[in-house]
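First the structure, in the form of C-alpha cells, and then the observations on it.
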Amino acid sequence: MKLRVPSFSILNGKNWKFTPDTIFQIFLGVISIISVIVLAALLLRELIRGAWPALSAFGLGFLFSSAWNPVTGEFGALPFIYGTIVSSMLALLIGVPLSLGIAVYLTEIASSRVRAILSPVVELLAAIPSVIIGLWGIFVLAPFVREHLAPPLMNYLGFLPLFKGPAYGYSVLTAGLVLAIMIIPIISSVSREAILAVPSLQKEGSLALGATRFETIISVVLPYAKGAIFGAVMLGLGRAIGETMAVTMVIGNNPQIFTSLLHPGYTMAAVIANEFTEATDDVYLAALIEVGLVLFAISMVVNIIARAITWKYLKVQEGQS
Amino acid sequence: MNRVLLLPLLAALLFAGCTGDGGKADAGAEEITITGAGASFPYPLIAKWSYEYHKLKPNIKINYQSIGSGGGIKQTMAKTVDFGASDAPLKEEEYRKMEGILHIPETIGAVVVVYNLPGVENKLKLSGEVVADIFLGKITKWNDPRIAELNPDISLPDEQIIVVHRSDGSGTTFVFSDYLSAVSPEWREKVGKGKSLNWPLGLGGKGNEGVSGLVKQNPYSIGYVELAYAIENRISYAHIKNRAGKFVEPSIESVAAAAAGAVASLPKGDESWAEVSIVNAPGENAYPISSFTYLLVYRDLSVIPGMTEAKAKALVEFLWWVIHDGQKYAPELHYAPLPEEVVKLNEETIRLITYQDKSLL
C-alpha cells in the first residue's frame, strides 16, 4: 500500500516535482513567513516609536542607570533588569532540579498507578491563574518566608551578603519561589516527554552492562535527553522572565539593587504593570515602553536559544533513528 | 441537534431585541450613551451616580471606564471620551495643550496614615514632619523621641519601623506626597510630589489592598491608604496634626472642613488648576491630607467628534445633577460631599459649557 505523504520536498531539495501539492506548500510557506514578519515588524515599530522619547533622551545609558525618578524625569532600567534576571535565575535554580526529579520519577521509577495520578496533578499546576498564585504568595508564602525560612538563612548564612536581614517576607527570594512553582509544570512535562523518547534499547544496554538504575538514569537517560531538557529549561525561563502578576504581588516592588535575596526588588514586567496606567508624562511613558522593549528583546533571545537547541536536538535524533 | 439548540437561542435573541426597543419607545426619547474615562479612585462613586442617574433618566447611560488618571487625561486629550477624570489637576503644560478644558472638582478624597502597632489602635498621633522623616528613613525606630513626644500616653516599642508605600502609580500617592512636600522642605527637595515616586526606602504594595495587606501582616509597619479603604477594612489610622496645631481624626466631616478652608484660593473652572492643593488646609477641624478629584470637560463640546446637541445637553445636565443631588451618595461610600462654596464655583463652570457656542442650561 502506497501512502502519498506530502513530504517536505522543497526543504530538503530532493524529489522536486511541480505538483499541486508543492504549489500549495509554497503558498502556505510564503503566507506564514509574511505574517510572522509583518507581526514582528509591527510590534517592534510600535515599541520603538513609543519608546522614542526615552531612547533619544537616555540612549544606551538607560540600560546601565539605576535612577528611576518619575518626579524629576530620570529613568534607568538597571534595577528592573537585575531583578528580572536574579528572580528568574533563582526560579531555575530551585525549579530545575525539582522538575527533573519529577520527570525522572514519573518516567523511570513510579509505578503506572502513581504515574496516572501524579502527572496530571503536576500539569494542573500550570492551570492555576498567576494572580491566584500571587494571592497565595501574599497570604501563605510571604509570611512563611518571613517567619520560618528567612531566620535560619540569616542565622547560618548571614555572613554571606546574599542573606543579610532584615527580612520582610516580600523579597526577591519569595518571587523566585513563586516563579519556581510556576515553571515546574512546563519544565517537568517537556522533560518527561524527552525522557520517554529515550529508546529502551539504550537503557536495557546499560542495565545489561551491570549499571544500576541510578547509574543508568545519570549516565544514559539524562545525557540522551539533555538537548530537549535544555529546551524545556529555556521555555521555563521564558515564562519566568515574562511573569507579571504573581511576581509583583510578592517581590516588594522596590527599584533599588540590593545584594541580599531577602530584600525587596522589582522586575521589568512588574514596573510596566504597576506604573503604566498613571504615567502621564511623555518621557515617563516612553521609559516604561522602553522597559517593555528590553523585556521583549530578552525574552526573544531566550526563546530563540530554546528553539535553536530543540532544533539541534531533533536533528540529532533524526540522524540517529 | 445543532438546529434544536439554535432555535430557542434565536428566539431569545429576537425577544431580547424587541423588549429593548420597546423600552426605548416607552421612554419617548433617544437613547444616549455618555462615555468617560479616568481615575480609579472616584470610580465607586461615579458608578453609583451612573446607576442612580440611569434610574432617573432611563434613556441616558453613563459609561465610565476606570483606566487610571493617566489614561483618562490621554483619552480626553485625544477627544475619544466625552469627559475625563483625574485625581490630580492637569499640569500647566497639559492644560495649555487641551484648549478650553474645564476642571470640575466632583468629590473629595482623603489619605490616611495606617500602622500596625500591636496594642495601639486608632490613637497614634503624628505630625506631617514626623511622617515625612519616617518615610525619608530619618526616623527608624518606633520609640524615637520625636514620636514619643507626640504620644506621651502610649508606650512605644523599641522596634524598627517598616515603611510601606504604593508601588503602582496612583492619585493616593499624589495626595500623600503633595502633603509631605507641603510640610517638609527636605521631602520636597529629595522626593517631591507625584503619582509615582523615587521612594527612599520601603516595601511597595500594589493598590490599596496591597498596602493594607503588607501593613496588616507586618507588625511595626506604617503605610498610607485611602480613607474609605481604611474604614472599611478596620485598619488603625493615625490622627494627624493640622495647620492649626490640632490633632484631627480623618473623617468625612474633617475632610470637608479642609475643602471649605481652601475655597478662597481656588481658581475659576476655566483657569489652570495646576497649583491647586487643599493639603495642609487652614481651619480648626481640617484634616490635612485631602484632595479634590476632578472631572475634565471641554468648554465647547462640539470639539468632540460624534457629539450632538442632545448628547451635550445630557452631559451638562448630568454634571449639574452630580454636583447637586449626586453629592448625597458620597458619604455612604466614604467620600466627602462638596462644600457649598465649591458647588457654587462648579455651577459657574458648568454654565460655561456650550455646544457650537450655544448655551446648554
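Bear in mind that the values in this text are calculations on the coordinates, not laboratory data. Note that the coordinates shown come from a computational prediction; the quantities given were computed from them, not determined experimentally. Cβ placement follows ideal geometry from the backbone for every residue including glycine, while neighbour counts extend to all protein chains displayed.
What's the average, rounded to a whole number, of partner chain beta-carbon atoms within 10 Å of each residue's beta-carbon in A:136-143?
Working: counts 0, 0, 7, 2, 0, 0, 4, 2.
Going residue by residue through A:136-143 and averaging, the value is 2.
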Task: Model label zone, A:Tyr156; criterion: amide N under 19 Å from point 7 Å along Cα-to-beta-carbon; scope region A:255-291 - done: A:261-262
Task: Between region B:197-265 and region B:112-141, the Cα center-to-center distance that results, in Å - done: 10 Å
Open item on the list: Limiting things to C-alpha atoms, what are the Rg and the maximum Cα-Cα separation (Dmax) for the protein assembly as shown, in angstroms?
Closed with: 30.4, 98
Open item on the list: Neighbour counts of other C-beta atoms within 10 Å: give me A:Arg45, B:Arg146 arranged from fewest to most.
Closed with: A:Arg45, B:Arg146
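In peptide B:192-201, how many Cβ atoms from other protein chains are near each Cβ within 10 Å, on average?
On the way: counts 4, 1, 9, 9, 12, 4, 9, 6, 1, 3.
Mean partner-chain Cβ count within 10 Å for B:192-201: 6.
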Open item on the list: Using helices alone, I'd like the mean residue ellipticity at 222 nm for chain A: each DSSP H run of four-plus residues gives -39500 (n - 2.57), total over residue count, nearest 500.
Closed with: -22000 deg cm²/dmol
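Kindly put A:Ser130, A:Ser200 in sequence by how many other C-beta atoms sit within 10 Å of each C-beta, fewest to most. Intermediate results must be reported in sequence, preceding the final value.
Numbers: A:Ser130 19, A:Ser200 8.
Going from sparsest to densest Cβ surroundings: A:Ser200, A:Ser130.
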TODO: Return the whole-Å distance between the Cα centroid of region A:191-241 and the Cα centroid of region B:283-361.
DONE: 68 Å
Task: Overall dimensions of region A:62-320 as given by Cα atoms, namely Rg and Dmax in Å - done: 20.8, 71
Task: Estimated distance in nm for a label pair at B:Thr80 and B:Ser155, the labels positioned 7 Å out from Cα along Cα-to-Cβ - done: 6.0 nm
Task: Most positive-pole-ward Cα, B:Leu201, B:Thr140, B:Val164, against dipole of region B:111-260 from beta carbon charges - done: B:Leu201
TODO: Calculate the dipole size of the protein assembly as shown relative to its Cα centre from +1 charges on Lys and Arg beta carbons and -1 charges on Asp and Glu beta carbons; express the result in debye to the nearest 20.
DONE: 2720 debye
TODO: Please find, in a Gaussian network model of chain A (springs between Cα atoms separated by less than 10 Å), the residue of A:Leu93, A:Leu201, A:Leu295 whose mean-square fluctuation is greatest.
DONE: A:Leu201
Task: GNM flexibility winner over chain A from A:Ala286, A:Ala273, A:Ala240 (Cα, springs under 10 Å) - done: A:Ala273
Task: Shielding score for A:57-69, defined as the mean number of other chain Cβ atoms within 10 Å - done: 1
- [ ] Compute the length gained on full extension between A:Leu28 and A:Ile85: take 0.36 nm times their separation in residues and subtract their Cα-Cα distance, giving the result in nm to one decimal.
- [x] 16.7 nm
TODO: For B:Lys74, go through the lysines and keep the ones whose alpha-carbon is under 21 Å away, minus same-chain ones fewer than eight residues off.
DONE: B:Lys91, B:Lys97, B:Lys193, B:Lys195
Task: Point-to-point label distance, B:Lys246-B:Ile231, nm (Cα→Cβ direction, 7 Å offset) - done: 1.9 nm
- [ ] Could you point to the residue in A:Thr280, A:Leu78, A:Gly210 farthest towards the positive end of the protein assembly as shown's charge dipole, with +1 and -1 charges on the Cβ of Lys/Arg and Asp/Glu respectively?
- [x] A:Gly210
Task: Calculated Rg and Dmax of region B:258-343 using C-alpha coordinates, Å - done: 15.3, 49
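Give the dimensionless ratio obtained when the Cα radius of gyration of chain B is divided by 2.2 N^0.38 Å.
On the way: Rg = 23.1 Å, N = 361, 2.2 N^0.38 = 20.6 Å.
Cα-based Rg divided by the globular estimate yields 1.12.
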Task: Point-charge dipole on Cβ atoms (K/R +1, D/E -1) for chain B, about Cα centre, debye to 20 - done: 620 debye
Open item on the list: If I require 27 Å or longer along the helix axis, counting alpha carbons, and a Kyte-Doolittle average no lower than -0.5, what helices from chain A are left? Use full DSSP H segments.
Closed with: A:20-58, A:78-104, A:172-196, A:222-242, A:282-320
TODO: Give me the aspartates and glutamates in straight-line cross-link reach of B:Lys313: C-alpha distance below 17 Å, same-chain residues under 8 apart excluded.
DONE: B:Glu30, B:Glu31, B:Asp82, B:Asp300, B:Glu347, B:Glu348, B:Asp357
Open item on the list: Only helices at least 24 Å long along their own axis, judged from Cα atoms, and with Kyte-Doolittle mean hydropathy of 0.5 or greater: name those in chain B from DSSP H.
Closed with: B:2-27
- [ ] Could I have the simple spin-label model distance between B:Thr33 and A:Glu123, label points 7 Å from Cα toward Cβ, reported in nm to one decimal?
- [x] 4.1 nm
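For B:Lys61 and B:His324, what is the calculated FRET efficiency with R₀ set at 25 Å and r taken between the beta-carbons, to the nearest 0.05? Mind showing how you got there, number by number?
On the way: r = 20 Å, r/R0 = 0.81.
According to the calculation, E is roughly 0.80.
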TODO: In debye, nearest 20, what is the charge dipole magnitude of region B:111-260 about its Cα centre with +1 on Lys and Arg Cβ and -1 on Asp and Glu Cβ, if you could check?
DONE: 240 debye
- [ ] Quote the relative contact order of chain B in percent (integer), defining contacts as alpha-carbon pairs under 8 Å separated by 6+ residues.
- [x] 22 percent
Task: Positive-end residue, the protein assembly as shown charge dipole about Cα centroid, Cβ charges, pick of A:Ile298, B:Ser127, B:Gln217 - done: A:Ile298
Open item on the list: Could you list B:Asp168, B:Asp133, B:Asp357, B:Asp270 so that the one with the fewest beta carbons within 10 Å of its beta carbon is first and the one with the most is last?
Closed with: B:Asp357, B:Asp270, B:Asp133, B:Asp168
- [ ] Rank A:Gly227, A:Gly29, A:Gly83 by mean-square fluctuation in a GNM of chain A with C-alpha springs under 10 angstrom and give only the top-ranked residue.
- [x] A:Gly29
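Pick out, in residue order, every one of the chymotrypsin sites (Phe, Trp or Tyr not before Pro) in region A:136-166 that is DSSP loop and has at most 16 other C-beta atoms within 10 Å; say none if there are none.
Numbers: sites: A:Trp136, A:Phe139, A:Phe144, A:Tyr156, A:Phe159, A:Phe163; in loops: A:Phe159.
Taking region A:136-166 and a limit of 16 other Cβ atoms within 10 Å, the loop chymotrypsin sites (Phe, Trp or Tyr not before Pro) found are A:Phe159.
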